[in-house]
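Taking it in order: structure first as structure tokens, then the write-up.
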Amino acid sequence: MDVPEFWRSIPRLVPDFLRRTGQVEHFVPVHFRPSDRAGPDPYAGGGSGKRPRTKLENELDDVQACLIADLECVVKALEAVEARQQAGKNRKAAPRTLGDVLNSAAPGPSSIGTLLTKGRRSVRQRHAGCHPAYRGYLVPMKAARLAAVNDADGLRALVSSHVTSIDLVGRARNAAQATAEGMRTTFVEVNKNKRRTDETISRDVLDRLPRLSITEMTQFSFASGINASRIWQCYHGAPATIDYHRVFDLAVFAGRLSRGGPVLITWDLVRYFLAHRTDPNIRWWWRVLFFPNTVLIHDAIEWICAQIDQAYGLAAFTGSLILCDRPGESRTFRLPPLKP
């Protein structure tokens, strides 16, 4: 980011989990994308008189709205199946509503009702813009197929998966808001020609972020299509150490692929994936010793591979990557079209 001359140096932002253990010298480079941080307009993205929002916050709102609207379809399908299964019983269990299943999720700053209204509209637009041969990959169609064969267990699994995703996106939404507010506070001081300490900026920008594990950040990237490093900036990493950004990019790719959309993979990400498949870092004792998160990253990539295997077939996918083996090359993958 641009730094006024009087600051003399770019702030070294250190998250609380490093400051508390006295590892301040191991500062984490924080990568702010211009579109993700608050601009000079205090109402940017929110409208006059409303809470200011960054582009990233609005993007997360859109993702969560669609997830909630999809969940509503699954809950209704499950309710219909359970009603049929209990048709001959005198004592029937009360159906679970959308509000019931979302009790354990963190919706973020926006209410469930607001997100649901917005999500219904987005889901209709998504359905209209999707090629008929691929609509079967959309959640409402999946729920309809499961309901048609009275697969209550399959619908319950779909409900559980969606609730987890909605919770993760809600926590990411809270994190994005906390970072934006911390940056605004810093910018106010900059405009007053004041130099805040690096520790103070770190507290305001990084310490309020809800903590997610590596696996949870990977699952968030898979479900949302948004790289978790854009939100948890202290988990960006570097190719020579722990390359979080590319792990989450791979999760984004796998998520989009599993949802039936065309998705591009670049040579750089192909090389990263193949390196893990042929010679994973977990085999190198010195990497595990000096970079303990190597094990967690390995588990996260293995989880991503399992999702690719379930959706596309890992062997078929790996074999196809030979067509993208030169710098600058890329390839688009897509699941086969479904028969009506």
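Per-residue accessible area for Trp303 at 1.4 Å probe radius, Å² rounded to 10?
Surface accessible to solvent at Trp303 totals approximately 70 Å².
Kindly state, to the nearest 0.05, the FRET efficiency for Asp268 paired with Val295, given R0 = 30 Å and r defined as their beta-carbon distance. Can you show the working numbers first?
On the way: r = 24 Å, r/R0 = 0.79.
In this case the efficiency is close to 0.80.
So how much accessible area does Glu189 have, in Å² to the nearest 10, using a 1.4 Å probe?
40 Å²
Report, to the nearest 10°, how far helix 55-85 tilts away from the longest principal axis of the Cα atoms in the chain, using its own Cα long axis and a range of 0 to 90°.
Value to nearest ten degrees: 20.
Put Val252, Val288, Val149 in order of accessible area, largest first, 1.4 Å probe: what do you get?
Values: Val252 10, Val288 50, Val149 105 Å².
I get Val149, Val288, Val252, largest accessible area first.
Which parts of segment 287-311 would a label at Asp279 reach, counting a residue when its backbone N lies under 17 Å from a point 7 Å out along Cα-to-Cβ?
287-288
Any idea which of Val14, Leu138, Ile242 is furthest toward the positive side of the dipole for the chain, if Lys and Arg beta-carbons carry +1 and Asp and Glu beta-carbons -1?
Result: Leu138, furthest along the dipole toward the positive end.
Just going by the charge dipole of the chain, with Lys and Arg at +1 and Asp and Glu at -1 on Cβ, which of Val188, Val81, Phe333 is farthest out on the positive end?
Val81
Based on Cβ point charges of +1 for Lys and Arg and -1 for Asp and Glu, what charge dipole magnitude is obtained for segment 181-247 about its Cα centre, in debye rounded to the nearest 20? Present the calculation step by step, with values, prior to reporting the outcome.
Details: 10 positive and 8 negative charges, 51 e Å.
Here the size comes out at about 240 debye.
What accessible area per residue comes out for the chain, rounded to a whole number of Å², with a 1.4 Å probe?
Details: 17710 Å² over 340 residues.
Computed with neighbouring chains in place, this is 52 Å² per residue.
Projected onto the charge dipole of the chain (+1 at Lys/Arg Cβ, -1 at Asp/Glu Cβ, origin at the Cα centre), which of Ala315, Ala178, Ala152 gives the Cα projection farthest towards the positive end?
After comparing all options, I get Ala152.
What is the helix-to-structure angle for 152-191, meaning the angle in degrees between its Cα long axis and the longest Cα principal axis of the chain, kept from 0 to 90 and rounded to the nearest 10?
20 degrees
Here are labelled values, (i) 75, 53, 37; (ii) 97, 52, 44; (iii) 77, 45, 28, and one is the computed Cα extents along the principal axes in Å for what I pasted. Which one?
(i)
Report the FRET efficiency, 1/(1 + (r/R0)^6), for Glu329 and Ala83, where r is their Cβ-Cβ distance and R0 is 45 Å, rounded to 0.05.
Working: r = 53 Å, r/R0 = 1.17.
Working from the Cβ atoms, E equals 0.30.
Measure off, as a whole percent, the carbon and sulfur share of the 1.4 Å-probe accessible area of the chain, all protein chains present.
In the chain, the share of accessible area belonging to carbon and sulfur is 55 percent.
Using heavy-atom solvent-accessible surface (probe 1.4 Å) with all chains present, what is the largest-first order of Phe222, Phe17? Spell out each step's value before the answer.
On the way: Phe222 35, Phe17 55 Å².
So the residues, ranked largest to smallest area, are Phe17, Phe222.
So what's the angle, to the nearest 10 degrees on a 0 to 90 scale, between helix 214-224 and the longest Cα principal axis of the chain?
That helix lies at roughly 60 degrees to the long axis.
Can you work out the PRE-style zone for Thr97? Point 7 Å along Cα to Cβ, and I want the residues of segment 129-164 with backbone N under 20 Å.
The answer is 159-160, 163.
Using the crude model of +1 on Lys and Arg Cβ and -1 on Asp and Glu Cβ, and no other charge, please compute the dipole size for the chain relative to its Cα centre, in debye to 20.
Numbers: 47 positive and 34 negative charges, 185 e Å.
Here the size comes out at about 880 debye.
Per-residue ellipticity at 222 nm for the chain, helices alone: DSSP H runs ≥ 4 residues times -39500 (n - 2.57), over residue total, nearest 500 deg cm²/dmol?
On the way: 13 runs with 185 residues, N = 340.
My calculation for the chain gives -17500 deg cm²/dmol from helical runs alone.
Per-residue accessible area for Lys55 at 1.4 Å probe radius, Å² rounded to 10?
Surface open to solvent at Lys55 totals about 130 Å².
Once you've got the GNM for the chain with C-alpha springs shorter than 10 Å, pick whichever of Ala306, Ala106, Ala77 has the biggest mean-square fluctuation.
Looking only at Ala306, Ala106, Ala77, the largest GNM fluctuation is found for Ala306.
The values are calculated or read from the model by the stated rules, or taken from the named source; none is laboratory data. Predicted, not measured: the structure shown is a model, and the values here were computed from it. With ideal geometry, Cβ positions are generated from the backbone for all residues, glycine too; neighbour counts draw on all protein chains shown. Accessible surface is based on the protein model in full, side chains and every heavy atom, while ligands, DNA and RNA are left aside. Shrake-Rupley method; radii C 1.70, N 1.55, O 1.52, S 1.80 Å.
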